[in-house]
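Taking it in order: structure first as structure tokens, then the write-up.
Derivation of every value follows stated rules applied to the coordinates shown; laboratory data play no part. Keep in mind that this is a model prediction, so the values were computed, not measured. Here Cβ is always computed from backbone atoms with ideal geometry, including for glycine, and neighbour counts include all displayed protein chains.
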Amino acid sequence: MLDMSIWDLYKQKQETFTLNEIRPITQQLLVAFEALKGIGIIHTDLKLDNIMLVNHKSQPFRIKLIDFGLALPASEAEVGMELQPIPFRAPEVTLGLPITEAIDMWSLGCLLAEMYFGIWFFPGASTYDQMRAICQLLGQPKKHLLDAGINTGQYFIKGRGLTPGWELRTPSQYKMVSGVQPECPSWDFDDVKDLTGAVMEKPEEHDYDTSEDKITLSEVMREDKMAFADLLNALFNLDGQTRITPGQALEHSFVTMVHLEDNMYSNPHASEAFEMMDICTLDLSDAMWDPLSDPETDMKATDGDSPPESSRCAANSNTERPTNDTTSQADPCNPEPHNNESAPAPLQAQTPTILYSSSTRFLLLDFIGEGCFGKVAKCVNLKTSEPTAIKILEDGGDAIKEVRMLQKIKGLDPDKNNLVRYMDNFMFQDKYCLAFEMLDMSIWDLNSQMQEPFSLNEIRSVTQQLLVAFEALKGIGIIHTDLKPDNVMLVNHKSQPFRIKLIDFGLALPASEAEVGMELQPVSYRAPEVTLGLPITEAIDMWSLGCLLGSLYFKTNFFPLKSTYDQMRAICQLLGQPKKHLLDAGINTWHYFIKGRGLTPGWEFRTPSQFKMVSGVLPECPSWDFDDVKDLTSAVMEKPEEHDYDTSEDKITLSEVMREDKMAFADLLNALFNLDEAFEMMDICTMDLSDAMWDPLSDPSENGETDIGVT
């Protein structure tokens, strides 16, 4: 199902097509005819109502060729066949010459001229009127063509004696041989000497004022008109054997726009030409596919959970920036911006927008995420047709910091280490743009869609891949600082369930630059050493990992997100109070704990009223899902399972197998939430998994044995 025909659009427009609209249609039809020529098919019926727009609203002038009811194999085309509508009929068909795929190229010339001038270029009342117009504008076919045509005598009369050449019959002479008096209507080009003159003399509807750049419309437009006229002359070659082919026409300057390249950014006609070609010639069938979700519901939260601060690839959180940041202000976003004053003002997806980098151009399809940092756009790389996520930042400082981190991780294999692939950074219309691979949806989105919590088998896969990612980051001394469900993206949940990548390095920082007292991580994922003001290492990411796994397993934020007091209260309740030497060392300990004196010198957790005395804020102390649970292991073990596996046949009951797996999960969570040995946890989880990341399609064994596959 396509949109509407070019003929329908022409009736709606009520004006002729511009060269910039004609060009992409030309290119796409040439591609179509080149393909048909490759399999020896002649369409024979090209006209405006046989060219359909795919979706003129989202992809202006993206077209397809339709109607093969009159098509035929070139090998079956016979001299004398009556093919093509009269206004689009090639002279070899009219004269009775050999018929090849070249007749479609003549029809293409007629169609382009009709779009440009707004009328049938050659009259359609009769073949005589058409041949008379051809001779008037293009000259008479050469003698060897007329000599060979089996129908030449109907339109031309051969002289004798001293004048042996062919001459076009007068209307009365044509009536003598055909019995029909031709109408000989007046023709718009009666006073035009040649085809090039007709093209060049047509006035333009649009007047671009480019005097500021000292490039007048006439200079740029004249070159483009000359290129168009040259292509028409090549399409209207009266000899089908030497007429331009689709492949040759695709290399013509009117299509390639080489004559416009120097003015690409300075002249609006040239800029529009490149944008129109980019938008129209791109096959967006894959790029427009949203793998799982309805875009209108992507950002919605369910089950009463708080929605993420942002969503999709490369989105930042609302977490405050580090207060002691010492990041260099040298701007790595150094590609020269390709701004021009005629480009669309605010970036929007409702109308076609092209984003220019120094190496390529991106077509903006839609906005798929938004946060305090700016927006994330779904785009297509117009050079590679690759779907791309572009993070559009409002703040230059944020862009500088993120690019600095991305440059540091660029040496890591993004696929092996489960990190988002960073591709480019550039400025466009005073906005900072970062280009990433396009991923599917976040773990947050999937969790919102699912009616039940993640199973241990699903959590295990996510856990392993994130450990690989954090091991790689630890190897280069980078702390992510912002792990949460909406910063873990599925690559393609349909084809690779639970294949994930870690995204968003906008708040990442080198471990060497982490300072005591920095405010890092979202509250509900914040490690106690950050809250208490203890030394900060990569171990804080491991605490966040525990929080994430807990939230997937219980389908709720594991620790409260309202305030750091509520979070610390929950930690003490479920995990116990941090040991004295940690509280003694924390520069912020006194915010949450009060130290006894005399016979009770230890630390005690402040009551809500005591916390208000030092902070001025009365904590909410909301009810918590684990208020009645004595410890973390009990919370894990007491959670009921949704699935009931019947394994009685193998004499292995669900309770035995599931209990062991739950115990292993609880043990891992306890290790991730170890208040006293957080630094050691990174060492436990830093196995080199390079061998474990084998390609499942290859044979990993040297002796030819095949490992057991897991499905």
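Quick notes on this one:
- Remark: S615, S5 ranked as S615, S5, counting other beta-carbon atoms within 10 Å and listing the fewest first.
- 25 Å Cα-Cα threshold exceeded, pairs from K13/K57; K474/K501; K401/K580; K378/K484; K484/K612; K555/K662: K401/K580; K484/K612
- Spatially proximal lysines relative to K64 (Cα-Cα < 18 Å; intrachain offsets below 8 disregarded): K37, K47
- Sparse-neighbour loop sites [GluC sites (Glu not before Pro); segment 106-184; at most 13 other C-beta within 10 Å; DSSP]: E183
- According to the Cα-based calculation, Rg over Rh for segment 443-684 is 0.99, with Rh computed by the Kirkwood formula.
- About the Cα centre, charge dipole magnitude for segment 390-462 (Lys/Arg +1, Asp/Glu -1 at Cβ), debye: 360 debye
- Distance in nm between pseudo-label sites at S623 and Q496 (7 Å out along the Cβ direction from Cα): 4.3 nm
- Over segment 352-511, the hull volume per residue, using the convex hull of the C-alpha atoms, is 123 Å³.
- Point-to-point label distance, M637-C372, nm (Cα→Cβ direction, 7 Å offset): 4.1 nm
- Cβ-to-Cβ counts within 10 Å put T170, T44 in ascending order as T170, T44, the fewest first.
- Residues of segment 100-132 with amide N under 16 Å of a point placed 7 Å along Cα→Cβ from D190: 122-125, 129-130, 132
- Cα pair count fraction exceeding 19 Å, expressed as % - segment 397-460: 52 percent
- Over segment 6-280, the fraction of Cα-Cα pairs per 5 Å bin, rounded to whole percents and listed from the shortest bin up, is 1, 5, 12, 16, 18, 16, 12, 9, 5, 3, 2, 1, 0, 0.
- Note on W7/T242: beta-carbon distance plugged into 1/(1 + (r/R0)^6) with R0 of 30 Å gives a FRET efficiency of 0.45.
- Segment 98-137: translational diffusion in µm²/s, Stokes-Einstein, Kirkwood Rh over Cα pairs, 10 °C, 1.306 mPa s: 146 µm²/s
- Close amide H pairs (under 5 Å, H built 1.01 Å from N) link F428 with C433, residues at least 5 positions away or on another chain.
- Modelled FRET efficiency - R0 30 Å, V258 with L70, Cβ distances, 0.05 increments: 0.25
- Among the trypsin sites (Lys or Arg not before Pro) in segment 81-153, those located in a DSSP loop and surrounded by at most 16 other Cβ atoms within 10 Å of their own Cβ are K142.
- Backbone amide hydrogens, once placed in the peptide plane, bring L507 within less than 5 Å of nothing, excluding anything fewer than 5 places away on its chain.
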